[in-house]
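*Asks:* I am attaching a structure below and will ask some questions about it afterwards.
The values are calculated or read from the model by the stated rules, or taken from the named source; none is laboratory data. What you see is a predicted model; the values in this text were computed from it and never measured. Note that we place each Cβ from the backbone using ideal geometry, even for glycine, and neighbour counts take in every protein chain shown.
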């Protein structure tokens, strides 16, 4: 698969380090903004951080945020335009690098793409949330259901990708310990 070969090359270069640093910096910046939004909402978590949400939960959050909070949430969505690509590539490249270093894991390299799929659904989620922020209070229930579905798929794929990465890391560490 050509995509895997291209990603294999990136996993062996500085690209892995650059996207990891970008993911860490943008993730930290987002974690700086999120408490302010949660504070304005009276403690309600933002939609991005939930596994799933309903129309009523969205209207409760947006109503509690008010114009100031929705503006801040919109700014967070702009910052979140960099984060998915950075974490998706970082996790994918790390997984590929680990899989390539262990002979019997090479056949599972395609699973590294789960992190990129998670990033793709994160972008769909971000677009849907930005559209809901922009159109609030005239948000259709179908739009909320679609957005919440993107969020759930994102979390499932991301969790699976991270578990896979950790499993590959554990296998690599065990192999290294056996050789030592």
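*Asks:* Determine which single condition residue 176 fails, assuming it passes every other condition in (1) under 15 Å from residue 97 (Cα atoms); (2) over 14 Å from the mean Cα position of the chain (by Cα); (3) in contact (Cβ under 8 Å) with a residue 24 or more places away in the chain.
*Replies:* Among (1) under 15 Å from residue 97 (Cα atoms); (2) over 14 Å from the mean Cα position of the chain (by Cα); (3) in contact (Cβ under 8 Å) with a residue 24 or more places away in the chain, the lone unmet condition for residue 176 is (3).
*Asks:* Something else now. Scan segment 57-71 and give yes if some residue there is more than 24 Å from residue 165 (Cα to Cα), within 17 Å of the chain's Cα centre (by Cα) and part of a helix (DSSP H, G or I), otherwise no.
*Replies:* Among the residues of segment 57-71, not one is more than 24 Å from residue 165 (Cα to Cα), within 17 Å of the chain's Cα centre (by Cα) and part of a helix (DSSP H, G or I), which makes the answer no.
*Asks:* Within segment 97-115, track down each residue that is over 14 Å from residue 20 (Cα atoms), in contact with a helix residue (DSSP H, G or I) (Cβ under 6 Å, 6 or more places away or on another chain) and either modelled with pLDDT of 95 or more or buried (at least 24 other Cβ atoms within 10 Å of the Cβ) (or both).
*Replies:* Of everything in segment 97-115, those that are over 14 Å from residue 20 (Cα atoms), in contact with a helix residue (DSSP H, G or I) (Cβ under 6 Å, 6 or more places away or on another chain) and either modelled with pLDDT of 95 or more or buried (at least 24 other Cβ atoms within 10 Å of the Cβ) (or both) turn out to be 99, 112, 114.
*Asks:* Just to be sure I understand the filter: pairs with C-beta atoms under 9 Å, separated by 6 or more residues or on different chains, first member in segment 9-30 and at pLDDT below 95, second member not in a helix (DSSP H, G or I). Which pairs pass?
*Replies:* Close Cβ pairs (under 9 Å, with a partner that is not in a helix (DSSP H, G or I)) amount to 30/80.
*Asks:* For segment 78-90, which residues satisfy the criterion of being buried (at least 18 other Cβ atoms within 10 Å of the Cβ) and not in a loop (DSSP other than H, G, I, E, B)?
*Replies:* 83, 84, 85, 86, 87, 88, 89, 90
*Asks:* Does segment 47-56 contain at least one residue that is over 22 Å from residue 121 (Cα atoms), out of contact with any helix residue (DSSP H, G or I) (no Cβ under 6 Å at 6 or more places or on another chain) and assigned to a helix (DSSP H, G or I)?
*Replies:* Yes: one or more hits.
*Asks:* When you look at residue 42, is it exposed (fewer than 15 other Cβ atoms within 10 Å of the Cβ) and farther than 17 Å from residue 115 by Cα, yes or no?
*Replies:* Yes, satisfied.
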